[in-house]
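The values are calculated or read from the model by the stated rules, or taken from the named source; none is laboratory data. Predicted, not measured: the structure shown is a model, and the values here were computed from it. As a convention, Cβ positions derive from the backbone with ideal geometry for all residues, glycine included, and neighbour counts pool all protein chains shown. We work out accessible area using only protein heavy atoms, side chains counted, and drop any ligands, DNA or RNA first. Shrake-Rupley method; radii C 1.70, N 1.55, O 1.52, S 1.80 Å.
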Amino acid sequence: MKSFVAKYGTALAGLAVLIFLVIFARNFASQANLLNVLKQTSFLTILSVGFTFALITSELDLSFASLCSLAAVVTGGLVHAEIAWPLAALAGLGVALAGGALNGFLVTAIKVPSLIATLGTASIAGGVAFMITGGVAFVGRWDATFLSLARGKLFGIPTLIFFMAAVVLIAWFVANRTKLGVHMLATGEAQEAAHRAGIATRRMKLIGLTLSGLAAGIAAVLLVSNLSSAAPQMAGDFLMNGIAAVLLGMTMFQPGRPNIAGSFVGALTIAVLANGLVLLGAPYYLQDIMLGVIVIGSVSVSASVLKKAAFAV
Amino acid sequence: MTDILVVRGAVKSYGAVQALRGADLTVARGEVHALCGDNGAGKSTLIKLVSGVESPDDGTLSVAGREARFAGPHEALAAGIATIHQDLGLAPRMTIYQNIYMGSELEKRLLGIPVLDRAAMIAGAQGFLKQLGSTLDDMTAPVENLSGGQRQAVAICRALRWKAEIIIMDEPTAALGVRETQQVLKLIRMLKANGVTVILVSHNMNDVVAVADRVTILQGGRSVQARATDGLSADALARLIMDERAA
């Protein structure tokens, strides 16, 4: 029973909140609203999944939101300049991937603590994004195929939800069913032991941080497609939300350990709460307070993995 | 018995400090061989050379009659030498089977994609533990839930998984209570019964005389005595080490 509560307690608490909102928040349970919540969750989920990979290897990534903004600006800028959208999307993905790899290089080769390295990368990415745009957003009537990527529907369900599901499923598979996943886990859990067992721990950290960058790139392309615009700080709010989602996820399924399923449910919980608060007519600042409570509460419940990462500073 | 490991004239210096000054070690196949000596005698350095952590400045090392020189622990492992350090090198929050197969996981193909073969690893882990007479049955339990003796068994199973013919155990009972120490000594006897050669580094003379067939005493970076433990009491062994130090 104790183990069940430890594994599923937070998820059940989230379910209780969901039931509360279904009963008390008008229109919350409508199909349109629920699909909208899932749509809005998709960006946060994809970013959180990326951050989860970094944290599994016991490294922090505070640059994923800035890399996402930069990748969005690169993609949006190229689409705006009428470059073929697949090339633009690839460029956006490439920039974010390179940013993640740079983080990995700084952490594993130069030995810069991940907190510092990724803060630096975040600042650089933010600056470059402003440099590219000149501080103005790219907005336009872009290629319809590109826009349909994240605005379209398949069987009546927004395509964004399919992208999110694909990212979560692939990430879960990699983390839980492959050698790469278990090597990343061993690296984060006991780096010295993993190294002695022949695991390339530095490579695992490099991959973890690179995957975080890649996820930022995927979210960026979808964000630009969905909003039909690209601005230098468009993903800024996702930093705190993403961290909160992953930390919340660490309190469920595999308590104290970053895990893909937990991050997904964490992101969903945050999106549901945000949506519910709006529908209940709560003032906007309550969302910030809620995020703060989630972050502190989650770390209080399961601090061990984060402590390891924090001590690496 | 044939010799499985022979070290001759091993020399190793760290700057001005000469840790080994021509140490010898001869270990017969299938025996439990203790390595004793006071602090600073050179035990750890000698073990580092044999396990590939360090390279000797001079001297030779041969494994099963073939001269060897290891560029790293992975090469020592490939030659059949596994080291279980005092901290055991386990990931406490990972499961028993994940620890046993850490770094050498079993895979199967699923639609052409290599995926972890969890069932095979659980069955394999059970087999290794059974070989050691362990009664652990839940291979998915995290290692942090195990006793010191059970953790030692998991670490030994990992070495067996690597098909190690020589297992070096560095102070395996140092932090254990009486009952757990007995469990570890039983494990060492089981290893011997399975034909595995064990090199036991220990400060505990009772443990040494309880399980070791032979003992090499190091002093000041040299091996000063190598003998059978037959008829040797813990006190007598301690006196030997002290006498060599006085000499």
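With a 1.4 Å probe, how much accessible area is buried between chains B and A, both sides summed, in Å² to the nearest hundred?
Numbers: alone 11790 and 14320 Å², together 24500 Å².
Interface between B and A: roughly 1600 Å².
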Is there a pair in B:Lys163/B:Lys186; B:Lys130/B:Lys192; A:Lys111/B:Lys43; B:Lys108/B:Lys163; B:Lys130/B:Lys186; A:Lys7/B:Lys130 whose C-alpha atoms are over 23 Å apart, and which pairs would that be?
A:Lys111/B:Lys43; A:Lys7/B:Lys130
Starting from the amide H of B:Glu107, placed 1.01 Å from N in the peptide plane, find each other amide H under 5 Å away whose residue is 5 or more places distant or on another chain.
B:Asp117
Once amide H atoms are placed 1.01 Å from N in the peptide plane, what residues at a sequence separation of 5 or more from B:Gln219, or on another chain, have their amide H within under 5 Å of its amide H?
B:Val224
At 1.4 Å probe size, with every protein chain present, just tell me what the per residue accessible area of chain B comes to in Å².
44
What list of ³J(HN,Hα) values in whole Hz, one per residue of the range B:181-198 in order, does the Karplus curve 6.51 cos²θ - 1.76 cosθ + 1.60 (θ = phi - 60°) give from phi, with Gly and Pro shown as x?
4, 4, 4, 5, 4, 5, 4, 5, 5, 5, 4, 4, 4, 8, x, 8, 7, 10
So for the range B:1-121, using the alpha carbon gyration tensor with a ≥ b ≥ c as root eigenvalues (a/c under 1.5 gives rounded; past that, a/b versus b/c decides prolate or oblate), I'd call it prolate
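Using only the Cα atoms of chain A, build the gyration tensor, take square roots of its eigenvalues as a ≥ b ≥ c, and label the shape rounded, prolate or oblate: rounded if a/c is under 1.5, else prolate if a/b is larger than b/c, else oblate. Please report the intermediate quantities before stating the final value.
Details: a/c = 1.69, a/b = 1.06, b/c = 1.59.
Oblate shape, in that a/c is at least 1.5 and b/c is the bigger or equal ratio.
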Under the Karplus relation with 6.51, -1.76 and 1.60 and θ = phi - 60°, whole-Hz ³J(HN,Hα) for the range A:229-242, x at Gly and Pro, equal 7, 9, 10, x, 10, 5, 9, x, 5, 6, 4, 5, 4, x
DSSP loop chymotrypsin sites (Phe, Trp or Tyr not before Pro) with at most 11 other Cβ within 10 Å: longest gap in chain A:
A:1-154
Write down the accessible area per residue of chain A in Å², having rolled a 1.4 Å probe over the full set of protein chains.
43
Subtracting the Cα-Cα distance of B:Tyr14 and B:Thr135 from 0.36 nm times their residue separation yields 39.1 nm
Highest-fluctuation residue, B:Ile122, B:Ile166, B:Ile188 considered, GNM on chain B with Cα pairs under 10 Å
B:Ile122
Spelling out what I want: for every residue of the range B:102-116, take phi, set θ = phi - 60°, compute 6.51 cos²θ - 1.76 cosθ + 1.60 (Karplus), and round to whole Hz; glycine and proline get x.
4, x, 9, 5, 8, 10, 9, 9, 10, 6, x, 9, x, 10, 5
Ordered by packing density, taken as the mean number of other Cβ atoms within 10 Å over each peptide's residues, highest first, how do A:212-225, B:45-58 rank?
A:212-225, B:45-58
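Suppose we flag trypsin sites (Lys or Arg not before Pro) only when DSSP calls them loop and at most 11 other Cβ atoms lie within 10 Å. Which is the longest uninterrupted stretch of chain A? Walk me through the numbers on the way to the answer.
On the way: sites that count: A:Arg26, A:Lys111, A:Arg141.
By the stated rule (loop sites, at most 11 other Cβ atoms within 10 Å), A:142-313.
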B:Ala34's amide H: which non-local residues (gap 5+, or another chain) put their own amide H closer than 5 Å, with H modeled 1.01 Å from N in plane and none for Pro or chain starts?
B:Leu200, B:Asp213, B:Arg214, B:Val215, B:Thr216
Positions from the range B:83-100 whose accessible area shrinks by 40 Å² or more when the full protein complex is built, not the chain alone, probe 1.4 Å
B:Arg93, B:Met94
Show A:Asp143, B:Asp117, B:Asp207 ordered by accessible area, largest first, where the area counts protein heavy atoms only and the probe is 1.4 Å.
A:Asp143, B:Asp117, B:Asp207
Over chain B: helical MRE at 222 nm, DSSP H runs n ≥ 4 each giving -39500 (n - 2.57), nearest 500:
-10000 deg cm²/dmol
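Can you pull out the trypsin sites (Lys or Arg not before Pro) in the range B:140-169 whose DSSP state is coil and whose Cβ has at most 15 other Cβ atoms within 10 Å? It would help to have the intermediate numbers written out before the result.
Working: sites: B:Arg151, B:Arg158, B:Arg161, B:Lys163; in loops: B:Lys163.
Listed in order of number, the matching sites are B:Lys163.
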Rank B:Lys130, B:Lys12, B:Lys108 by mean-square fluctuation in a GNM of chain B with C-alpha springs under 10 angstrom and give only the top-ranked residue.
B:Lys108
Quick one: give the max-minus-min coordinate of the C-alpha atoms of the protein assembly as shown along each principal axis, largest first, in Å.
90, 50, 43
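In the protein assembly as shown, carbon and sulfur make up what percent of the accessible area (probe 1.4 Å)? Don't skip to the end; give the middle numbers.
Numbers: 14860 of 24500 Å².
Using a 1.4 Å probe with all protein chains present, the protein assembly as shown comes out at 61 percent carbon and sulfur.
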